[in-house]
Ligand code: ADP
Ligand code: MG
């Protein structure tokens with residue numbers, strides 16, 4: 001056994017015992033050494049409530065419907081499970097698209113990209129932004145070689161429609177970030193079309209600041225037996 005296999009199986013053995021109420025530090029969660037190093041680099045030590053609740057359930061393989069207000073730390077609540085998912089499968093740059101993170105706007109996609117570059121620094125995965133503003137053609141080659149794509153719905157749909165060899169067949173994890181804003185911006189139909197194009201055997205994490213009717217509709221369409229994580233911290 002190589003060291004990496006040993007690490008992965010010992011982490012997985014701890015998944016069933018995760019108890020969010022006894023988690024104080026990120027080091028209390030069974031996370032790969034590489035992710036813990038990235039968190040240390042970002043000076044993230046203590047998980048927020050939504051992170052404590054959602055990360056464990058996501059590591060256990062659940063789809064997640066997470067609601068917590070702006071500023072509660074939803075980004076790490078999905079980025080950590082994304083890194084751990086690909087790490088567990090020893091995903092390598094040649095394996096192509098493994099995780100797709102959909103953000104409402106270019107700015108939010110960029111902010112997520114900055115965070116994953118930091119906490120993912122010690123992993124070997126490639127991460128890229130697919131947010132328009134450049135020639136579609138220039139993104140196509142990169143798209144199929146990028147392990148973690150952070151995109152806006154319109155641009156992703158454009159690739160699905162116009163890029164002949166675009167494929168999401170190997171996708172392991174889908175993240176819908178700020179789902180309420182995605183829908184507010186009029187992307188409901190685009191989201192339906194995107195989800196139809198993705199493999200069913202994936203894990204999906206949907207995060208939103210509010211739980212509107214349309215968020216529930218999107219959740220019904222995209223999630224399988226989700227675990228609900230709702231955090232209302234006292235002001
Ligand atoms: P949300 O998406 O819920 O609005 P973010 O993920 O953007 O929240 O996080 C809000 C802020 O809190 C960011 O500046 C982020 O760096 C910081 N943050 C998130 N998680 C932690 C943590 N565990 N420890 C310290 N700061 C954190
Ligand atoms: Mg956010």
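Entry remark, region 38-52: residues being more than 16 Å from ligand 2 (Cβ to nearest atom) and touching a helix residue (DSSP H, G or I) at 6+ places or on another chain (Cβ under 9 Å) number 7 in total.
Of the residues in region 131-139, at least one is in contact with a helix residue (DSSP H, G or I) (Cβ under 6 Å, 6 or more places away or on another chain), away from ligand 1 (no atom under 16 Å from the Cβ) and modelled with pLDDT under 95. Checking region 41-50 against the condition returns a match, with at least one residue being buried (at least 20 other Cβ atoms within 10 Å of the Cβ) and in contact (Cβ under 8 Å) with a residue 40 or more places away in the chain. Taken over region 8-35, the criterion of being buried (at least 18 other Cβ atoms within 10 Å of the Cβ) and more than 20 Å from residue 203 (Cα to Cα) is satisfied by 23, 26, 34.
For region 183-201, a residue qualifies if it is away from ligand 2 (no atom under 15 Å from the Cβ) and part of a loop (DSSP other than H, G, I, E, B), and the qualifying residues are 186, 187, 197, 198, 199, 200, 201. Tell me, please, whether a residue that is in a strand (DSSP E or B) and surrounded by fewer than 22 Cβ atoms within 10 Å (Cβ to Cβ) can be found in region 110-119. Scanning region 110-119, I find no residue that is in a strand (DSSP E or B) and surrounded by fewer than 22 Cβ atoms within 10 Å (Cβ to Cβ), so the answer is no. Could you please let me know if residue 146 is out of contact with any strand residue (DSSP E or B) (no Cβ under 9 Å at 6 or more places or on another chain) and at pLDDT below 95? When the stated conditions are applied, residue 146 does not pass them.
Restricting region 144-164 to residues that are touching a residue at least 24 places away in the same chain (Cβ under 8 Å) and over 22 Å from residue 75 (Cα atoms), which is surrounded by the fewest Cβ atoms within 10 Å (Cβ to Cβ)?
Among those that are touching a residue at least 24 places away in the same chain (Cβ under 8 Å) and over 22 Å from residue 75 (Cα atoms), it is 162.
Among the residues of region 59-93, those that are assigned to a helix (DSSP H, G or I) and either within 16 Å of ligand 2 (Cβ to nearest atom) or at pLDDT below 95 (or both) comprise 74, 75, 76, 77, 78, 79, 80, 81, 82, 93.
Quick check on residue 198: is it surrounded by 16 or more Cβ atoms within 10 Å (Cβ to Cβ) and either more than 21 Å from residue 55 (Cβ to Cβ) or within 16 Å of ligand 1 (Cβ to nearest atom) (or both)? For residue 198, the condition - surrounded by 16 or more Cβ atoms within 10 Å (Cβ to Cβ) and either more than 21 Å from residue 55 (Cβ to Cβ) or within 16 Å of ligand 1 (Cβ to nearest atom) (or both) - is met. Scanning region 16-58 for residues that are under 16 Å from the mean Cα position of the chain (by Cα) and part of a loop (DSSP other than H, G, I, E, B) returns a single hit, 31. In region 55-79, the residue that is farthest from residue 28 (Cα to Cα) out of those that are within 7 Å of ligand 1 (Cβ to nearest atom) and in contact with a strand residue (DSSP E or B) (Cβ under 7 Å, 6 or more places away or on another chain) is 68.
Exactly one residue among 138, 180 is assigned to a helix (DSSP H, G or I), free of Cβ contacts under 8 Å to residues at least 40 places away in the same chain and within 16 Å of ligand 2 (Cβ to nearest atom), and that residue is 180.
The values are calculated or read from the model by the stated rules, or taken from the named source; none is laboratory data. Being a predicted model, the structure only gives us computed values, none of them experimental. Positions of Cβ are generated from backbone atoms using ideal geometry, with glycine treated the same way; all protein chains shown enter the neighbour counts.
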